Amino acid sequence: AEPTKNGDPPGSLCISIPQPPKTYLSTQSSDEGMDDTPKVSLLLALPRPLQLSRILPMVSQLGVDQLILTNAMKVPKDYFGSHIFRKPEVLRGMLVEGLAQSGDVRLPNVHVTKRLKVFVEDELDELFPLDEVVRVIAHPQRRDIDGREIGPA
């Protein structure tokens with residue numbers, strides 16, 4: 001991953017994968033053909049409910065297949081009690097809104113987990129095997145391969 005060139009929006013990042021893992025294409029019925037769209041999953045620390053209501057349409061608009069919302073160190077527990085999670089039709093409506101903007105028809109699968117460590121230790125490898133997917137971490141703290149901080153954070 002490398003920062004993009006001058007003139008791109010602030011915070012832009014270009015990720016190039018020189019040798020992506022094998023992609024398994026699933027065949028549909030004969031009139032639908034094959035789906036060769038790359039699958040994108042997003043693991044996101046749960047933002048404030050107002051921000052989440054703004055993010056959800058964008059997530060579905062960008063074609064994310066699976067959205068995993070999880071707890072993090074600074075996420076207040078009461079965010080999980082938001083009206084977005086109490087009323088599934090509200091969550092679905094926000095995702096459909098994004099699909100309408102993009103013209104896509106695949107509704108993202110949303111998974112909410114309250115324990116990040118348990119998810120990473122128990123479920124991550126099962127859902128996203130390393131030999132089939134590329135995992136990319138976008139974190140605001142910049143560190144080199146040895147863990148030393150690089151430049152201003």
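Listed values, structure above:
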| item | result |
| --- | --- |
| Backbone N within the range 57-80 under 16 Å of label point (7 Å from residue 90 Cα along the Cβ vector) | 57, 78-80 |
| Whole-angstrom Cα spans of the range 71-128 along principal axes, big to small | 36, 29, 17 |
| Peptides 110-117, 66-73 ordered by average Cβ neighbours within 10 Å, highest first | 66-73, 110-117 |
| Cut-off under 5 Å, modelled amide H: who pairs with residue 111 long-range | 67, 68, 69 |
| Sparse-neighbourhood loop sites, GluC sites (Glu not before Pro) in the range 69-139 - DSSP loop, at most 13 other Cβ within 10 angstrom | 132 |
| Estimated FRET transfer efficiency when R0 is 41 angstrom, pair residue 105-residue 148 (beta carbons, to 0.05) | 0.35 |
| Heavy atoms of residue 125: accessible area, 1.4 Å probe, square angstrom to 10 | 90 |
| Charge tally in the Cβ shell below 12 Å around residue 120, where Lys, Arg are +1 and Asp, Glu are -1, residue 120 excluded | -2 |
| Extension gain from residue 41 to residue 130, taking 0.36 nm per residue of separation minus the Cα-Cα distance | 30.7 nm |
| Neighbourhood net charge (15 Å Cβ-Cβ; Lys/Arg +1, Asp/Glu -1) for residue 71 | +2 |
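The values are calculated or read from the model by the stated rules, or taken from the named source; none is laboratory data. None of the values given here were measured: they were computed from a predicted structure. Neighbour counts are summed over all protein chains in view; Cβ atoms, including those assigned to glycine, are modelled from backbone coordinates with ideal geometry. Each accessible area value is taken on the protein alone, full model and side chains, heavy atoms only, with ligands, DNA and RNA left out. Shrake-Rupley method; radii C 1.70, N 1.55, O 1.52, S 1.80 Å.
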